[in-house]
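The values are calculated or read from the model by the stated rules, or taken from the named source; none is laboratory data. Keep in mind that this is a model prediction, so the values were computed, not measured. Here the Cβ positions follow ideal geometry from the backbone for every residue, glycine too, while neighbour counts run over all protein chains shown. Areas reflect the complete protein model, heavy atoms only, side chains present, ligands, DNA and RNA absent. Shrake-Rupley method; radii C 1.70, N 1.55, O 1.52, S 1.80 Å.
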Amino acid sequence: MSIASDAKQALQGAVQGVMAKAVALAPDSWIPGGEPDPLIRERYGHIGKPLSRIDGPLKVAGRATFAAEFPLEDMVYASLVFSTIAKGRIAAMDTSHAETAPGVVAVMDHRNAPRLAPPPVFMSAPKAANGDNLPIMQESEVNWNGEPVAVVLAETQEQADHAASLVRVTFEAAPALTSLDEAREQGTKPALFMGQPLHDERGDAEAALAAAEVKVDALYTTPRHNHNAIELHGVTVAWQGDVLRIHDASQLVAHTAWSIGQMFDMPEDKVIVTSPFVGGGFGGKCLWQHQVLAALAAKLCSRPVRLVLSREGVYRVVGGRSPTEQRVALGADREGHLKALVHTGVTVKTASNAMPEPFILPTRSAYASETLKLDVQVVELDMLANTFMRAPGESVGTFALESAMDELAEALNIDPVELRIRNEPEKDPSSGLPFSSRHIVEAWRTGAARFGWDRRDPRPGLRREGEWLVGMGCATGTYPYYRMGGGAARITLMQDGQAVVDIAAHEMGMGTATAQTQVAAERLGLPIEAVRFNYGDSTLPGVVLAGGSQQTAAIGASVGAAHRELVKQLLKLAGNDSPLAGLKPDDVISRDQGLCKADETARHESYASILSRAQQPSVSVEAEGPPPLETMHWSMHSHAAMFCEVRVNTVTGEPRVSRFLGSFDCGRILNPKTATSQFRGGIIMGLGLALMEEAQFDERKGRVMNPSLSEYHVPVHMDVPEIDVIWTDIPDPHAPMGARGIGEIGITGTAAAVANAVYNATGKRVRDLPLTLDKLL
Ligand code: MOS
């Protein structure tokens, strides 16, 4: 079994909760225990510089080739036909008109699709790397409203789309459960997330709540959300001899190759998945049915296939965020110290996946409450499997929790910033672990000063400008630090001083390629121009998933490990005639295009000199990052203090966000330019969550009724004010490079900051997202 396979098995183990059993392993490396990453202490030549995106010129010039843009010889275009019932079976299918339509090459359905092995176990599904463990076009059963039931293949996309409209399907509907309320009557069950219960209790929170001097207790609801990355999910696939080549838009190339290999009963190295550019991922660009259908179709017609989901297709095939109903109850003494914190509620999923929206996650480590009760219940509906969507859990969980904190602040007549600071915990309230680095108070203080929080009148509804009511609100954003195992890197150093770093990682537009080139150059003591970072290809080393805001840590730890290995190899090659002679790898760092003794930098030899004396044109090493044990020793979380100013029109009820500030504490910021974009992008997605995003799910039919960007609204330029972003830049001593991930935190806390500002402006407390104007009239 390859290193990569081992790592994938280990990752699954982690997901199943095996790793989560606290293994008290000796902290034997800088990451889990001992010394901080040398890059925290070293000079910052590259890290921290606002380097512009290295892939920017390619993208601006239109020369970055996305998954659906690879031209393959003799390629056919695919179009999907979707089921229109939530449950039942296909009773009859007439494809004859489609088959004789102009340009049609083949029509694939469950009767003629090549046979597939069951999908393997992974992540959000008990048995699949796609959204669920259901068979893919293998049988007549229908499992959700919108499930693909036929694939039409034609010489052009237009011909395929036209012919798809000619496929006639007769469905035989079976009773389906598509209503949350009906399902709840039949009973809920405890939710499991990554194999772990979403349940925590400390003390008797309900009794403490009943006895509290001041309390708030309310229900908050959030709707379904769909993924709407600007790049549609697309794939171009070809069977080339015994190799299946997949040009995908992916945040997990290695996992995709591994999963598809098992489904097609092929060695995983015969499945090559590449994804050099992705036009937005957010948790949605994983393995769904469309990649597998394209591979099946290419096999059926023996030609390369391009399958791009239409915007409607994304809503039918790619799951999103499920709805939540959350109760948050807070009890406090008159000084605002929390005595009780209750956060419970219900969400939905399907029977065939394992992704209940884990909305209590942000509450676990939020506040120093004497008692705590957290619980997520779930019901199972007949619908498309839901999945990860930017900060699953934290995004909607912070809406409820941080709205409730605002309600408590008002009940206590304490400033909401002050209330939060007053409840800062000394250690993690749920796990009891010490925090690795927590500077949220500093983020609050600097954010409040910069935003002009002292100009806020706590009495709602009093600041009026013409027909607009103006208000300010704030909320805490938070997202954990994660690092998954299996990250590996290969570094190849050439005698001319150029280096190549190879990792099966991903650039989804967030700046990975740029920031990681900086990190590698820093580790290697090389100029930026001397480093080439290759990624987005499943044949490269490592199993790095761009998710959970953990890719930066996973890559950083792998590059750190490979660098240590490189130092070892170079010291061997340097031998006894080098100024480095006799030094141990631990004493040596990279600097000025060579190695030197860490505390005696004059003892230096260049890479070129070492390699030429050893008569080696290059040296190549590959290593895996240390196991991700740091989160067993420390509670590791990023935080943000979010400030919002909103204007609500007294005539129309229209809410407009007029100012926003995010003050972040996320460890060291590797590249301020790409980081600012990440933070802003997260906040903008949070504005959509607050004000407009809602998938209209018809509970009679289990069908999403607004599968388009004309009816499902996301923020456009006019909805987005100037967003100010600042950060503490305090390195986390237990994270590689001192950096915690920043991909998801921007969406957290944002909706509550908006809702709290709307309350301050109008005196109306909206507890149901999205916060549309009808709720403010
Ligand atoms: Mo993210 S929802 O882990 O891409």
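Keeping to segment 719-772, report how many residues are farther than 30 Å from H633 by Cβ and among the charged types (D, E, K, R).
Looking only at that region, the number is 7.
Among the residues of segment 357-390, which ones are within 12 Å of the ligand (Cβ to nearest atom) and open to solvent by less than 10 Å² (accessible area, probe 1.4 Å)?
If the condition is that a residue be within 12 Å of the ligand (Cβ to nearest atom) and open to solvent by less than 10 Å² (accessible area, probe 1.4 Å), then E357, P358, N386, T387, M389 are the ones that fit.
Within 28 Å of G487 (Cα to Cα) and either within 16 Å of the ligand (Cβ to nearest atom) or in the same structural domain as A640 (by TED's automatic domain parsing) (or both): does that describe G743?
yes
Any idea which of (1) modelled with pLDDT under 95; (2) surrounded by 15 or more Cβ atoms within 10 Å (Cβ to Cβ) is the one D586 doesn't satisfy?
With respect to (1) modelled with pLDDT under 95; (2) surrounded by 15 or more Cβ atoms within 10 Å (Cβ to Cβ), D586 is out only on (2).
Given the residues L580, L611, L545, L570, which is the only one that is of a type outside the set (V, I, T), in contact with a His (Cβ under 7 Å, 6 or more places away or on another chain) and either part of a strand (DSSP E or B) or open to solvent by less than 20 Å² (accessible area, probe 1.4 Å) (or both)?
Only one candidate qualifies: L545.
Of all residues being outside any helix (DSSP H, G or I) and of a type in the set (D, E) in segment 730-777, which is most open to solvent (accessible area, probe 1.4 Å)? Just the residue, please.
So, considering only residues that are outside any helix (DSSP H, G or I) and of a type in the set (D, E), the one most open to solvent (accessible area, probe 1.4 Å) is D768.
Tell me the residue from A553, A521 that is in contact with a Pro (Cβ under 9 Å, 6 or more places away or on another chain), open to solvent by less than 20 Å² (accessible area, probe 1.4 Å), within 16 Å of the ligand (Cβ to nearest atom) and not in a loop (DSSP other than H, G, I, E, B), please.
Every option except A553 fails the conditions.
Could you grab me the full set of residues in segment 281-318 that are under 24 Å from P392 (Cα atoms), open to solvent by less than 20 Å² (accessible area, probe 1.4 Å) and more than 16 Å from the ligand (Cβ to nearest atom)?
Those that are under 24 Å from P392 (Cα atoms), open to solvent by less than 20 Å² (accessible area, probe 1.4 Å) and more than 16 Å from the ligand (Cβ to nearest atom): Q289, H290, Q291, L309, G313, Y315, R316, V317.
Would you please list the contacts, defined by Cβ atoms under 6 Å and residues six or more apart or on different chains, that run from a residue in segment 324-339 that is outside any strand (DSSP E or B) to a residue that is open to solvent by 10 Å² or more (accessible area, probe 1.4 Å)?
Final answer for the pair search is D333/E213; R334/E213; G336/L412; G336/I414; G336/R422.
What pairs come up if the first residue lies in segment 678-697 and is open to solvent by 10 Å² or more (accessible area, probe 1.4 Å), the second is part of a helix (DSSP H, G or I), and their beta carbons are under 6 Å apart, counting only those six or more places apart or on different chains?
Correct list of pairs: M685/I747.
May I ask you to verify whether L330 is closer than 30 Å to E155 by Cα and out of contact with any Phe, Trp or Tyr (no Cβ under 8 Å at 6 or more places or on another chain)?
no
Keeping to segment 478-522, report how many residues are touching a helix residue (DSSP H, G or I) at 6+ places or on another chain (Cβ under 6 Å) and of a type in the set (K, R).
Residues flagged as touching a helix residue (DSSP H, G or I) at 6+ places or on another chain (Cβ under 6 Å) and of a type in the set (K, R) within segment 478-522 amount to 1.
Any idea which residue in segment 340-388 is nearest to the chain's Cα centre (by Cα), counting only those that are of a type in the set (D, E, K, R) and in a strand (DSSP E or B)?
So the residue we want is K349.
Taking T676 as the residue in question, decide whether it is at pLDDT 95 or above, outside any helix (DSSP H, G or I), not assigned by TED's automatic domain parsing to the domain that holds G525 and not hydrophobic (A, V, I, L, M, F, W, C).
No; evaluated as a whole, the condition is false for this residue.
Please count how many residues of segment 614-659 are surrounded by fewer than 19 Cβ atoms within 10 Å (Cβ to Cβ), in the same structural domain as M718 (by TED's automatic domain parsing) and among the hydroxyl-bearing types (S, T, Y).
3
When you go through (1) farther than 24 Å from H506 by Cβ; (2) modelled with pLDDT of 95 or more; (3) in contact with a Ser or Thr (Cβ under 7 Å, 6 or more places away or on another chain) one by one for K572, which number turns out not to apply?
Here K572 meets the rest and fails (3).
Go through segment 156-197 and count every residue that is open to solvent by 80 Å² or more (accessible area, probe 1.4 Å) and closer than 30 Å to R303 by Cα.
Of the residues in that region, 3 qualify.
With respect to F660, is the statement that it is in contact with a Pro (Cβ under 9 Å, 6 or more places away or on another chain), assigned to a strand (DSSP E or B), under 28 Å from G466 (Cα atoms) and of a type outside the set (V, I, T) true?
So F660 passes the test.
Quick one: count up the residues across segment 237-251 that are open to solvent by 10 Å² or more (accessible area, probe 1.4 Å) and hydrophobic (A, V, I, L, M, F, W, C).
Qualifying residue count, segment 237-251: 2.
Just checking: which of the strands (runs of 3 or more DSSP E) contained wholly in segment 447-507 hold 1 or more residues that are modelled with pLDDT of 95 or more and outside the structural domain of V559 (by TED's automatic domain parsing)?
So the answer is 468-480.
Can you tell me which residue within segment 391-428, out of those that are within 28 Å of L177 (Cβ to Cβ) and not aliphatic (A, V, I, L, M), is farthest from the ligand (Cβ to nearest atom)?
Out of the qualifying residues, it is F399.
Please identify the pairs in which a residue from segment 750-773 that is farther than 16 Å from A409 by Cα has its Cβ atom under 6 Å from the Cβ atom of a residue that is of a type in the set (A, V, I, L, M, F, W, C) and in a loop (DSSP other than H, G, I, E, B), counting only partners at least 6 apart or on another chain.
Short answer, once both residue conditions are applied: P770/M692.
Which condition number does T476 fail, the rest of (1) of a type outside the set (G, A, S); (2) open to solvent by 10 Å² or more (accessible area, probe 1.4 Å); (3) within 30 Å of L777 (Cα to Cα); (4) more than 29 Å from the chain's Cα centre (by Cα) being met?
T476 satisfies all of (1) of a type outside the set (G, A, S); (2) open to solvent by 10 Å² or more (accessible area, probe 1.4 Å); (3) within 30 Å of L777 (Cα to Cα); (4) more than 29 Å from the chain's Cα centre (by Cα) except (4).
Does G702 satisfy the condition of being within 16 Å of the ligand (Cβ to nearest atom) and either modelled with pLDDT of 95 or more or open to solvent by 40 Å² or more (accessible area, probe 1.4 Å) (or both)?
no
Only one residue in R464, R483 is open to solvent by 10 Å² or more (accessible area, probe 1.4 Å) and under 29 Å from T514 (Cα atoms), so which one is that?
Residue meeting the stated conditions: R483.
With the structure loaded, tell me whether A174 is at pLDDT 95 or above, out of contact with any His (no Cβ under 9 Å at 6 or more places or on another chain) and aliphatic (A, V, I, L, M) or whether it fails that test.
So A174 fits the description; yes.
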